[in-house]
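Comments concern the structure below.
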Amino acid sequence: MSSAENFDRAALEQLVTKRFFYAPSFQIYGGVAGLYDYGPTGCALLNNIISVWRNHFVLEEEMLEVDTSIMTTHDVLKTSGHVDKFADYMCKDLKNGEIFRADHVVEAVLEARLQGDKEARAAKAGKTPEQIAAEAAEDASKVDKKKKKKKGVVVAVELADDVRKAYEETLAQIDNYNGEELAAIMKKFDIRSPESGNELSEPKEFNLMFESSIGPTGHLKGYLRPETAQGQFLNFKKLLEFNNDKMPFASAQVGRSFRNEISPRSGLLRVREFTMAEIEHYVDPENKQHPKFVDVKDVVLTLLPKDVQLGGKTETVDMTIGEAVEKKIVDNETLGYFMARIYLFLEKIGIKRDRLRFRQHMDNEMAHYACDCWDAEIKTSYGWIECVGCADRSAYDLTVHSKRTGEKLVVREQLPEPRTVELWQVEINKKTFGPKFKKDAKAVEETLNSLSEDKYAQLAKELETAGVGSIEVNGQTFEVTKDHITVKRGTVTEHVREYTPNVIEPSFGIGRILYALLEHSWWVREDDEARNVLSFPPIVAPFKCCVLPLSGNAVFEPFVRKFSRELRQAGISTRTDDSKASIGRRYARNDELGIPYAITIDFDTVKDNTVTLRERDSTKQIRDTFENILKILRDA
């Protein structure tokens, strides 16, 4: 197999195009960056990956699968935060108009300057140009290219020590800068276009959603969804009812999502339309244990914890998920359970264990509401690529949608015994409240009765110290006084516990996984560089078996039809190759498609109904009756 460090990406891309796994959309019109069409083999591979995903997660975990609308209204995505926050910062070459992602261009330029500094220092130390070039190539193979960016021009110029340190510190925190901070960095370090050297505009925020309108008037604004999760959250109440109010449970969805990337590149790794598979596992916030955690506690994962990254290092540690949860490296059992299951899924479809790691998000990467988040990253020729995110999203999504709509998205659980709890209580003075707020009285009262614990504490403090407090209702601010309400702590006896579930969310980028699988599966036979092989596991291979008549002789046709039909009836995906090419050339052609088995029909088949079965990777062959070969393929 090809290693990630010594990898001929151009040769693989040529194979992918030749065998039409995927290709740029609208190619005869010049194509559009970030949009791709899958061909017959790509479609089959994609669908087989999704099929394994469904069996591994949806069926095994008894998840509730849904298929929700791609078009999503403005109100939903405004509430979820996507309208305001789902953005990147872009800047433009002021002369030729080329667009860059601001953080990417800063990285590219500073990394190029640091590399130039290293080369200048090496030359000063007496190293030859060949040695310097070899070291540069080695450094390039180690760079973490999670974000594919334009490469800066490397010029061998030595930097002052304080300048080099400033560059390194800036790069270490590049994910944590906002637009103003990026603008200051670009000005401070004179960041210019990596290709033209022209000045760049100040970074501007660019929302990554595709905007549209719903209906003929255009008054109802909508977007193509940037993720499949929101449709699941909005159906939580129906799903809970379908599940007979039983907790915990999970919903799942596979579908297309859209992100209007500023500068899409790297093939399937950064695109504008892509397939996602997302799971929303709803769990009691007071009990994040998982009943099946014991089944996976001994699974060993390669972990890159956040404290290691904060120390400026990338050394990983191999550890059982049981130990990681016990040591609180991973926050809870449910999160750990899904991390182990993600690992087992990726391994099952053919991702190599030594090129798979779980990287924990640092605090500045996580959303403010998230408890813990890990990315399953796969090593490719582009570096470490995030392919699966696994996050504890707390109760954020259900809470914000409930607050916006007034629909209670909660679980009501009968307590085995009544319990006494201390809660904030609001008493409303009807005599003064109604006349004060008039038509808004109902909305204000509903808001007062649904505040969070922190908001109640803040309001009580305001009333105590100033005699007046403020609350926000549907975008308006209202003032309330001691004459209108009383806010105080009181004891309540509960017979039913009501809570908003937390959500553990594994989110899979199927296109990224597919590309990583192509790289991990591709190799070239040692005896012939022109003979490419894609060693897909049979479970995901586009076709499991090909049927090859030895020649175009008409005597083989009845056997081709009969055997192909019986293979299909047995659920074995089959491709018939009866072209005039030699049998060796046809074997090679189907190796390039990743087909694990080939059945050859020859003149002995006509005599005794035996066929030859060839295995793709070893090229070993056995001969037996078709019936026995069929049994082997069923079990493979």
### Query
strands (runs of 3 or more DSSP E) wholly in segment 41-109 with at least 2 residues that are under 30 Å from Glu202 (Cβ atoms) and touching a Pro at 6+ places or on another chain (Cβ under 8 Å) - which ones?
87-92
### Task
Report yes if some residue within segment 547-556 is outside any helix (DSSP H, G or I), within 22 Å of Ile50 (Cβ to Cβ) and in contact (Cβ under 8 Å) with a residue 40 or more places away in the chain; otherwise report no.
no
### Task
Select, from Glu519, Glu505, the only residue that is part of a helix (DSSP H, G or I), open to solvent by less than 50 Å² (accessible area, probe 1.4 Å), under 30 Å from Ile342 (Cα atoms) and in contact (Cβ under 8 Å) with a residue 60 or more places away in the chain.
Glu519
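Every residue, every condition in (1) among the polar types (S, T, N, Q); (2) surrounded by 22 or more Cβ atoms within 10 Å (Cβ to Cβ), yes or no:
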{"position": "Phe563", "(1), (2)": "no, yes"}
{"position": "Arg568", "(1), (2)": "no, no"}
{"position": "Thr574", "(1), (2)": "yes, no"}
{"position": "Asp577", "(1), (2)": "no, no"}
{"position": "Ala581", "(1), (2)": "no, no"}
{"position": "Gly584", "(1), (2)": "no, no"}
{"position": "Ile595", "(1), (2)": "no, yes"}
{"position": "Ala598", "(1), (2)": "no, yes"}
{"position": "Asp604", "(1), (2)": "no, no"}
### Query
What about Leu220, is it modelled with pLDDT of 90 or more, open to solvent by 60 Å² or more (accessible area, probe 1.4 Å) and not assigned by the TED database to the domain that holds Asp37?
yes
### Message
Quick check on my filter: what residues within segment 606-627 are surrounded by 12 or more Cβ atoms within 10 Å (Cβ to Cβ) and either among the aromatic types (Phe, Trp, Tyr) or out of contact with any Ser or Thr (no Cβ under 9 Å at 6 or more places or on another chain) (or both)?
### Response
Val606, Glu615, Thr619, Phe626
### Message
Among the numbered criteria (1) within 23 Å of Pro285 (Cα to Cα); (2) of a type in the set (Gly, Ala, Ser); (3) at pLDDT below 90, which one does Ala443 miss?
### Response
(1)
### Message
Residues that are in the same structural domain as Val547 (by the TED database) and over 18 Å from Ala541 (Cα atoms), at least 3 per element: which strands (runs of 3 or more DSSP E) completely within segment 583-636 meet that?
### Response
610-615, 621-625
### Summary
Matching residues in segment 406-444 (assigned to a helix (DSSP H, G or I) and either open to solvent by 100 Å² or more (accessible area, probe 1.4 Å) or in contact (Cβ under 8 Å) with a residue 60 or more places away in the chain (or both)) number 6
### Summary
Within segment 146-170, residues of a type in the set (Gly, Ala, Ser) and either modelled with pLDDT under 70 or in contact with a helix residue (DSSP H, G or I) (Cβ under 6 Å, 6 or more places away or on another chain) (or both) come out as Gly152, Ala156
### Summary
Here the residues within segment 605-636 that are modelled with pLDDT of 95 or more and in contact with a Lys or Arg (Cβ under 8 Å, 6 or more places away or on another chain) are Thr610, Val611, Thr612, Leu613, Arg614, Lys620, Gln621, Leu633
### Query
For segment 187-216, how many residues are touching a residue at least 12 places away in the same chain (Cβ under 8 Å), open to solvent by less than 80 Å² (accessible area, probe 1.4 Å) and under 30 Å from the mean Cα position of the chain (by Cα)?
10
### Message
Scan segment 369-391 and tell me whether some residue there is modelled with pLDDT under 90, open to solvent by 40 Å² or more (accessible area, probe 1.4 Å) and among the small types (Gly, Ala, Ser).
### Response
no
### Summary
Checked segment 6-40 for anything part of a helix (DSSP H, G or I) and within 21 Å of the chain's Cα centre (by Cα); matches are none
## Note on the structure
Among (1) assigned to a loop (DSSP other than H, G, I, E, B); (2) surrounded by fewer than 17 Cβ atoms within 10 Å (Cβ to Cβ), Glu169 falls short only on (1)
### Task
Would you check if there is a residue in segment 406-421 being of a type in the set (Gly, Ala, Ser) and modelled with pLDDT of 90 or more?
no
### Message
Give me the strands (runs of 3 or more DSSP E) completely within segment 197-261, filtered to those with at least 1 residues that are of a type in the set (Lys, Arg), ordered by residue number.
### Response
204-207, 220-224, 249-258
### Task
Give the residues of segment 255-303 that are open to solvent by less than 30 Å² (accessible area, probe 1.4 Å), more than 19 Å from Met209 (Cα to Cα) and β-branched (Val, Ile, Thr), sorted by residue number.
Ile279, Val283, Val296, Val299, Thr302
## Note on the structure
For segment 82-94 the number of residues that are at pLDDT 90 or above and either under 18 Å from Ala172 (Cβ atoms) or surrounded by fewer than 17 Cβ atoms within 10 Å (Cβ to Cβ) (or both) is 1
### Message
With the requirement that a residue be farther than 15 Å from Gly350 by Cβ and open to solvent by 10 Å² or more (accessible area, probe 1.4 Å), what does segment 533-555 give you?
### Response
Phe543, Leu550, Ser551, Gly552, Asn553, Ala554, Val555
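The values are calculated or read from the model by the stated rules, or taken from the named source; none is laboratory data. Everything numeric in this text was worked out from a predicted model, so none of it was measured. Quick reminder, even Gly has a Cβ in these numbers, built from the backbone with ideal geometry, and neighbours come from all protein chains shown. The protein model used for the area step is the full one, side chains on, heavy atoms only, and it has no ligands, DNA or RNA in it. Shrake-Rupley method; radii C 1.70, N 1.55, O 1.52, S 1.80 Å.
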